[in-house]
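See below for the structure under consideration.
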Amino acid sequence: MMPEQPPKITTRHHGGQITAYVIPSDTLGALEPAAVFQPRSGDEVVASAVRPDLERAVYATLDAVVCVTRAGDVVWESTFEPHSDTRYGHRPSCAWSLDGRTVWVYRPDAMAGRGSEDQWVVYDADSGAVLFRRELETVGHGAEHHVHPLDDSVYLVIGEGQDGAALIRGAAGAEGEPEFVTYPWPDRCLIDLAPDGKQFMTVDHGQGDVAFHHHPSGDVLFTLPVDAFGYDPEDAFVEWSGGYLTPETAVVTLGGESDDEEEWYRYHLVDVGTGAVSGEITVTTANPYELKPLGDGTWLTGGAAESPVRWSR
């Protein structure tokens, strides 16, 4: 029997505020705000995450990570030192652990001019004390956190521009200190973790294929190139989007350009148990990255500044 999962939460940035939406198990349509957090005056939020109990949020600016309450009080702040005068090309990111006890923050220090390498920092969620700090052998522009749904490990995929992407996993070690594992591929982008925690999905940085991997080893279960979906690799590519619609089915996004230079994209379904391509799903979105499968047969649409909408087949 799977343990009870915390509520699924997504955030949006509206009018300088961080708005949290709880994704209910039985409701479709536009989601209503569940909590609103007010960043400090003058802070430009580039990433945010809300604790599962909706009582606190963390957000990152280019120069700091800040934890606030629903009343707008600052619980703690950690400033990225030394100060960076570089305004573009580096975006920190943040995430809560599954149990809400720690906050994980990616610092793109190399591109910010703070050093030769990036950092991944784990904070105590209550005090803001630094518990662990990992120096990374990356020079990233930004990154995304993916929190494992069962074992509290955290995946970090770092985008290094034309140099590819790095994938690292942090997990609790025998003595309580995190163990960090860097996967041996410099060119695979993590797209999603399976809702049952058994595998994960990546797309080639060059967009030539999609692969499915065993968690936590990373062993490749199967790979599907562009032509497996019925397209000519010269005319189509795999988008860095999609994810797990259910534990058994993934959505893989294929894109390209028509003869009249019109961009197109389509959402294909893959049976992750057999590796078989099993049709398409029709979704109306403004761009191929707007679709967010939720792992329970439903998905979200809506841009970064829009209220999310939950759909089902």
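General observations
- Any hit, the range 204-218, residues being among the aliphatic types (A, V, I, L, M) and within 21 Å of residue 169 (Cα to Cα): yes
- Complete set of residues in the range 255-290 that are closer than 19 Å to residue 226 by Cβ and aliphatic (A, V, I, L, M): 269, 270, 272, 276, 277, 281
- Qualifying residue in the range 14-26 (condition: part of a strand (DSSP E or B), farther than 28 Å from residue 197 by Cα and without any contact (Cβ under 8 Å) to a residue 60 or more places away in the chain): yes
- Selection of first residues in the range 158-171 that are free of Cβ contacts under 8 Å to residues at least 40 places away in the same chain and farther than 16 Å from residue 135 by Cβ and of second residues that are in a strand (DSSP E or B) and of a type in the set (Gly, Ala, Ser), restricted to Cβ pairs under 7 Å at least 6 apart or on distinct chains, gives the following pairs, ordered by first then second residue: 159/142; 159/143; 159/165.
- Residue within the range 276-290 that is under 25 Å from residue 158 (Cβ atoms), acidic (Asp, Glu), in contact with a Phe, Trp or Tyr (Cβ under 9 Å, 6 or more places away or on another chain) and surrounded by 15 or more Cβ atoms within 10 Å (Cβ to Cβ) present: no
- Screening residue 259 with (1) within 23 Å of residue 284 (Cα to Cα); (2) without any contact (Cβ under 8 Å) to a residue 12 or more places away in the chain; (3) touching a Pro at 6+ places or on another chain (Cβ under 8 Å); (4) among the charged types (D, E, K, R) gives one miss only, at (3).
- Taking (1) farther than 16 Å from residue 203 by Cα; (2) assigned to a strand (DSSP E or B) in turn, residue 260 satisfies each apart from (2).
Residue-by-condition table, conditions (1) within 20 Å of residue 100 (Cα to Cα); (2) at pLDDT below 95; (3) assigned to a strand (DSSP E or B); (4) not aliphatic (A, V, I, L, M):
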site: 156; (1), (2), (3), (4): yes, no, yes, no
site: 168; (1), (2), (3), (4): no, no, yes, no
site: 180; (1), (2), (3), (4): yes, yes, yes, yes
site: 189; (1), (2), (3), (4): no, no, yes, yes
site: 195; (1), (2), (3), (4): yes, no, no, yes
site: 224; (1), (2), (3), (4): no, no, yes, no
site: 228; (1), (2), (3), (4): no, no, no, no
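- Considering each residue of the range 165-174 in turn, none proves to be of a type in the set (D, E, K, R) and more than 17 Å from residue 105 (Cβ to Cβ).
- Scanning the range 231-251 for residues that are in contact with a Ser or Thr (Cβ under 9 Å, 6 or more places away or on another chain) and either crowded, with 22+ Cβ neighbours inside 10 Å or within 14 Å of residue 280 (Cα to Cα) (or both) turns up 238, 239, 241, 242, 245, 249, 251.
- The range 70-125 - residue that is aromatic (Phe, Trp, Tyr) and part of a loop (DSSP other than H, G, I, E, B) and, of those, surrounded by the most Cβ atoms within 10 Å (Cβ to Cβ): 80
The values are calculated or read from the model by the stated rules, or taken from the named source; none is laboratory data. Just so it is clear, the model here is predicted, and its values are computed rather than measured. Every residue, glycine as well, gets a Cβ built from its backbone with ideal geometry; the counts of neighbours run over all protein chains shown.
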